[in-house]
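Questions regarding the structure given below will be posed in turn.
The values are calculated or read from the model by the stated rules, or taken from the named source; none is laboratory data. None of these values were measured; they are calculated from a predicted model. With ideal geometry, Cβ positions are generated from the backbone for all residues, glycine too; neighbour counts draw on all protein chains shown.
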Amino acid sequence: MDMLNHHCGVERDPRGAVRLTISNAGPLNILGSAVITAVREGIEKLASDRSIRVLVLAGQSEKSMIGGADIKEMATLEQKSAEAFIRRLRDLCEAVRAFPAPVIARMPGWCLGGGLEVAAACDFRVAAHDAKFGMPEVRVGIPSVIHAALLPRLIGWGRARWLVMTADNIDAPTALAWGLVDVVAPPGGLDASVERVIKMLLECGPEALRSQKALLRQWEDLPLTESVDLSVGVFGRCFLTDEPKRLMQGFIDRKR
């Protein structure tokens, strides 16, 4: 594993699948300011690499992808430093959400608070069979903020309200039923389940996937008619590359 910085390890394979491992952040991969900044910088550096077709976000420990934000650091904050802290975490989540290629969250063990916000910013969430999820902020005197705003879009208002207002933890089958995660792996099968998602994505046109991800982000913010009209130009620009012709011809040739 190559180290982009003290908290970002990177493994690449020849297919264009890259795994970024959050490193040296304790057994639960806790997000203090130094870790938040380093991981954001690592993701932003990788974002300019057009050879990357899929990014897997993982933790160094099998106990968690990200256990949450650093409560010991947060306990020392006042208003201005609290806002600076949460802006750093917002910028990390946004770097994940804005990453041009698909991002898969590899989720063993615990995923709480700020960790679940980072996971929500990913495109796909693959959980271990015994993973646990929660938004415990209100128990320690703060609301869930920033990319917790994605939760109602993922799981609906009622379930999002349950998570952020009761601080209840849910298990992997519940998270799957709610739509919080996309896949729950069988015991011992987390990496195999991640690999299945990677293979599906690698079978798609890389430029088409990048366009699709960008459209989805815009659709989140735009009214329906604008979303429909915007996509016409995106469709046309796809034909400025050879990808549609090449992949469509391959499909036609297979049918013969």
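Could you list, in sequence order, the residues of the range 201-236 that are free of Cβ contacts under 8 Å to residues at least 12 places away in the same chain and over 22 Å from R153 (Cβ atoms)?
Hits for the range 201-236 are E203, C204, V232, G233, F235, G236.
Being among the acidic types (D, E) and either under 23 Å from V145 (Cα atoms) or touching a Pro at 6+ places or on another chain (Cβ under 7 Å) (or both) narrows it down to one of E11, E78, so name that one.
Residue meeting the stated conditions: E78.
Hey, another quick one. Report whether or not C111 is buried (at least 21 other Cβ atoms within 10 Å of the Cβ) and closer than 14 Å to V181 by Cβ. Write out each step before concluding.
Numbers: buried (at least 21 other Cβ atoms within 10 Å of the Cβ): yes; closer than 14 Å to V181 by Cβ: yes.
Judged against the criteria, C111 is a match.
If only one of R153, R139 is touching a residue at least 12 places away in the same chain (Cβ under 8 Å), over 20 Å from C122 (Cα atoms) and either part of a helix (DSSP H, G or I) or outside the structural domain of V96 (by TED's automatic domain parsing) (or both), which one is it? Give the derivation first.
Values: R153 fails: over 20 Å from C122 (Cα atoms).
R139 is the lone residue from the list that is touching a residue at least 12 places away in the same chain (Cβ under 8 Å), over 20 Å from C122 (Cα atoms) and either part of a helix (DSSP H, G or I) or outside the structural domain of V96 (by TED's automatic domain parsing) (or both).
Quick check on this structure: which one of V118, V181 is surrounded by 14 or more Cβ atoms within 10 Å (Cβ to Cβ), outside any helix (DSSP H, G or I) and not polar (S, T, N, Q)?
Answer to the check: V181.
Per-residue answers, yes or no, for (1) in contact with a strand residue (DSSP E or B) (Cβ under 6 Å, 6 or more places away or on another chain); (2) surrounded by 11 or more Cβ atoms within 10 Å (Cβ to Cβ):
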| position | (1), (2) |
| --- | --- |
| A175 | yes, yes |
| L190 | no, yes |
| M200 | no, yes |
| P223 | no, no |
| S227 | no, yes |
| V234 | no, yes |
| P244 | no, yes |
| F251 | no, no |
| R256 | no, no |
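Looking at D253, D229, can you tell me which residue is acidic (D, E) and modelled with pLDDT of 95 or more? Even if it seems obvious, please write down each step before you answer.
Numbers: D253 fails: modelled with pLDDT of 95 or more.
Of D253, D229, the one residue that is acidic (D, E) and modelled with pLDDT of 95 or more is D229.
Okay, moving on. Write out, first by first residue and then by second, each pair whose Cβ atoms fall under 9 Å of each other, whose residues are 6+ apart or on separate chains, and whose first residue, in the range 83-110, is assigned by TED's automatic domain parsing to the domain that holds L180 while the second is hydroxyl-bearing (S, T, Y) and surrounded by 21 or more Cβ atoms within 10 Å (Cβ to Cβ).
M107/S64; P108/S64; G109/S64; W110/S64
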